[in-house]
Amino acid sequence: MELGLPVKLGLLMELDLTEQGLLAETEAMKTALTELGLNIVEMTDESATLDGGDVLFTGREFFVGLSKRTNQRGAEILADVFKDYAVSTVPVQDRLHLKTVCSMAAPGLIAIGSSEPAQKVLKIMQQMSDHKYDKLTVPDDYAANCIYMNLPGKGDVLLHCTPEEFPESAKVFEKLKDHMLIPVNNQEKAKVDGGLTCLSVLINKKNNI
């Protein structure tokens with residue numbers, strides 16, 4: 001299964017009224033997800049902020065990064081929506097988002113950057129969790145932002161950075177012999193702080209959508 005949000009329980013929309021660009025993005029996503037027939041839960045508490053780049057769903061639990069774009073109240077609302085899953089908060093320092101330094105590279109496998117801020121994040125997640133995760137450490141923090149999917153007929157698929165962007169990190173991904181590896185160039189999107197996960201929404205849904 002893809003490690004997207006468990007939409008059968010509802011889907012929490014990002015809403016940050018202080019940034020009009022994000023608000024427009026939220027409305028566009030709301031329309032698209034409504035057309036897919038998904039349940040949508042909107043944050044109405046104006047004191048709450050929650051950015052998708054700070055929400056890491058491992059398939060077992062949620063980690064929510066507390067950053068400039070996500071606060072404690074936003075994490076509390078997410079926990080209230082997804083009551084069947086543990087939700088742990090992780091302070092994010094010197095980086096934009098939680099998923100700027102980590103993401104899921106497979107079920108139970110966390111891709112993590114090698115910098116000190118990234119390793120602090122990993123240590124906190126390990127301390128907060130009742131589950132044991134393997135780790136895939138890449139030299140470049142931004143390269144740790146990848147997209148894992150398990151697709152019918154294809155198996156484990158991983159979208160990751162290109163060798164042109166991060167040659168040493170790309171070599172680490174190449175060690176995942178059981179994955180179909182698809183390098184995706186993110187150089188232009190990175191100029192506006194966009195990572196691979198920023199540009200995707202993974203939905204567990206049958207193929208008839």
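The values are calculated or read from the model by the stated rules, or taken from the named source; none is laboratory data. Since we're looking at a predicted model, the values are computed, not measured. Neighbour counts run over all protein chains shown; Cβ positions are idealised from the backbone, glycine included. Accessible surface is based on the protein model in full, side chains and every heavy atom, while ligands, DNA and RNA are left aside. Shrake-Rupley method; radii C 1.70, N 1.55, O 1.52, S 1.80 Å.
Things to note:
- Pairs with Cβ under 6 Å, 6+ apart, first in the stretch 31-60 and of a type in the set (Asp, Glu), second in a loop (DSSP other than H, G, I, E, B) and open to solvent by less than 40 Å² (accessible area, probe 1.4 Å): GLU42/MET13; ASP51/GLU14; ASP51/THR70; ASP54/SER67; ASP54/THR70; ASP54/HIS97
- Of all the residues in the stretch 145-162, those that are of a type in the set (D, E, K, R) and surrounded by 14 or more Cβ atoms within 10 Å (Cβ to Cβ) number 1.
- Selected residue [at pLDDT 50 or above and more than 20 Å from ASP80 (Cβ to Cβ)] from GLU35, GLU2, GLU46: GLU35
- Single condition GLU165 does not satisfy, out of (1) open to solvent by 80 Å² or more (accessible area, probe 1.4 Å); (2) without any contact (Cβ under 8 Å) to a residue 40 or more places away in the chain: (1)
- Restricting the stretch 22-55 to residues that are outside any helix (DSSP H, G or I) and in contact with a Gly (Cβ under 6 Å, 6 or more places away or on another chain), the residue that is nearest to THR89 (Cα to Cα) is LEU50.
- Single unsatisfied condition, ILE182 versus (1) out of contact with any strand residue (DSSP E or B) (no Cβ under 8 Å at 6 or more places or on another chain); (2) open to solvent by 60 Å² or more (accessible area, probe 1.4 Å): (1)
- Only one of MET104, MET128 that is in contact with a Ser or Thr (Cβ under 9 Å, 6 or more places away or on another chain) and more than 30 Å from LYS30 (Cβ to Cβ): MET128
- Counted residues, the stretch 116-144 - those being open to solvent by less than 100 Å² (accessible area, probe 1.4 Å) and either polar (S, T, N, Q) or without any contact (Cβ under 8 Å) to a residue 12 or more places away in the chain (or both): 3
- Test: residue in the stretch 56-72 that is in a helix (DSSP H, G or I), within 24 Å of ALA144 (Cα to Cα), open to solvent by less than 10 Å² (accessible area, probe 1.4 Å) and touching a Ser or Thr at 6+ places or on another chain (Cβ under 9 Å): no
- Pairs, first under 21 Å from GLY153 (Cα atoms) in the stretch 183-209, second loosely packed, with under 14 Cβ neighbours inside 10 Å and at pLDDT below 75, C-beta under 6 Å, six or more apart: ASN204/MET1
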